[in-house]
1. In deg cm²/dmol and to the nearest 500, what is the mean residue ellipticity at 222 nm of the chain if only DSSP H runs of at least 4 residues count, each as -39500 (n - 2.57), divided by the residue total?
2. Tell me, 185, 63, 50 in order of fewest to most beta-carbon neighbours within 10 Å?
3. Along the charge dipole of the chain, pointing to its positive end and built from +1/-1 on Cβ of Lys, Arg, Asp and Glu, which listed residue (109, 224, 181) has its Cα farthest out?
4. Please list 3J(HN,Hα) in residue order for region 67-79, calculated via the Karplus relation 6.51 cos²θ - 1.76 cosθ + 1.60 where θ = phi - 60°; whole Hz, with x for glycine and proline.
5. Averaging over all projection directions, find the projected area of the Cα convex hull of the chain and quote it in nm² with one decimal place.
6. In whole Hz, what ³J(HN,Hα) sequence does region 150-155 give by Karplus (6.51, -1.76, 1.60; θ = phi - 60°), x for Gly and Pro?
7. Charges at C-beta only: +1 for Lys and Arg, -1 for Asp and Glu. How large is the resulting dipole of the chain about its Cα centre, in Debye rounded to 20?
8. Cα-based Rg of region 1-82 per 2.2 N^0.38 Å, rounded to two decimals?
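Laboratory data are not the source of any read-out in this text; all were calculated from the coordinates shown. Remember, predicted model here, so these are calculated numbers, not experimental data. All Cβ positions, even for glycine, are placed from backbone atoms using ideal geometry, and neighbour counts span all protein chains on display.
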Amino acid sequence: MASAASDGPILETEGLTKEFRGFVAVADVALKVRRGTIHGLIGPNGAGKTTCFNLLTKFLPPTRGSIRYDGRDITGMKPAEVARLGLVRSFQISAVFPHLTVLENVRVALQRARGASFDFWRSESLLKSFDARAMELLDDVGLTGYAKLTAGELPYGRKRALEIATTLALEPQMLLLDEPTAGMTHEDVDRVIALVKRVAAGRTVLLVEHNLKVVAGLCDTITVLTRGRVLAEGDYAAVSANPEVQAAYLGTDPGVSGGH
């Protein structure tokens, strides 16, 4: 995990609120994500995690409140604008082209990152100039041996790894992951948790999750939402022992999934 001795918050919200026709989905959320850490935003079904995530990544405008990223007010910005600042949401685009190879998928992402157009008829030699960096990214996510396979042939968990590789091609300063282990087998979950730890080196990660067990040992700080409000915050030991958190997870063992 990242060192707790970071330089303060890289992402900060104040009074963040979202209402839909009178229904308050997110209410007065104050969030501080410290630079260089892995921060989990978790909660049971209906807690407001996805809405909060969409507010942070600018896919929804807030009803009230403010969002600051790296010292800049981004409340009124669009998703593409904040992505250019280095705040990048994984899985916000369909990162996998199923009929292209794994290597070609990452190469396309690198073209985008470096401002090149998606001209698939460009010379093979020009396109191959991206290969070395593409292979480095595939190595980062454990997909080196899959480079020549078409993306459509990959198992589900490996596709998620490929999506993370294409996101890393954009060289994000902060990476936001929306339930990266959803729908996975236990083996794939363990692999993606290890992957998140690996790609967090040198950057900040905020991940939305519904399962406390997934973020155990992964996150430096965990913020628990319920009914759109912050219920608790702290490390895993603190939040998992919190009676209110346990009650929010349907009275079950907090290490057991509360559902999507």
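1. -8500 deg cm²/dmol
2. Working: 185 12, 63 15, 50 20.
The fewest-first ordering by Cβ neighbours comes to 185, 63, 50.
3. Positive-most Cα among the choices belongs to 109.
4. 10, 10, 10, 6, x, 10, 6, 10, 3, x, 7, 9, x
5. Spelled out: convex hull of the Cα atoms, projected over all directions, averaged, 14.1 nm².
6. Values per residue, Gly and Pro as x: 6, 4, x, 7, 6, x Hz.
7. My answer is approximately 560 debye.
8. Values: Rg = 13.0 Å, N = 82, 2.2 N^0.38 = 11.7 Å.
That works out to 1.11 for region 1-82.
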